[in-house]
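**Student:** The structure's right below; bear with me while I get my questions together.
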């Protein structure tokens, strides 16, 4: 399905963007694009399964509907705050460690989705 492929391509592009931001010490941007990569990958799977887009940014809810399991759901729970907190002045301090964890988590989510899409 072309739409699913497009969502996955955009997820992969966001992973690359997150990596570049990490390398440039733009930690908030890295975390934000990590969230976006995971979101777009999960939405690709959602579209495949339900034949429509769900306009939501809550990764944990997407995981619940997709029956993602504990590991992916826990990663998604940790990525969730990066959707908002990276874009507004809040208390969260974005360090290299936080950004790396976000990027690695997003990679895991994208990898999991790719595995599901191959089935």
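**Student:** What is the fewest-to-most order of 95, 86, 73 by other Cβ atoms lying within 10 Å of their Cβ?
**Tutor:** Taking fewest neighbouring Cβ atoms as first place, the list is 95, 73, 86.
**Student:** Sort 63, 30 so that the residue with the fewest other Cβ atoms within 10 Å of its own Cβ comes first and the one with the most comes last.
**Tutor:** Values: 63 24, 30 28.
In order of increasing Cβ crowding within 10 Å: 63, 30.
**Student:** Springs between alpha-carbon atoms under 10 Å, Gaussian network over the chain: tell me which of 91, 108, 39 tops the mean-square fluctuations.
**Tutor:** Highest fluctuation of the listed residues: 91.
**Student:** GNM, the chain, Cα, under 10 Å: largest mean-square fluctuation among 19, 43, 97?
**Tutor:** Greatest mean-square fluctuation among the candidates belongs to 97.
**Student:** Here is a follow-up. Over all distinct Cα pairs, what is the inverse of the mean 1/r for the chain, reported as the Kirkwood hydrodynamic radius in Å? If you can, show how the numbers build up before the last one.
**Tutor:** On the way: mean 1/r = 0.0717 Å⁻¹.
In the chain this quantity evaluates to 13.9 Å.
Where a number appears in this text, it was derived from the coordinates with a stated rule and is not lab data. Please read these numbers as outputs of a predicted model, since none were measured by experiment. In this analysis, Cβ positions are derived from the backbone assuming ideal geometry, glycine residues included, and neighbour counts consider all displayed protein chains.
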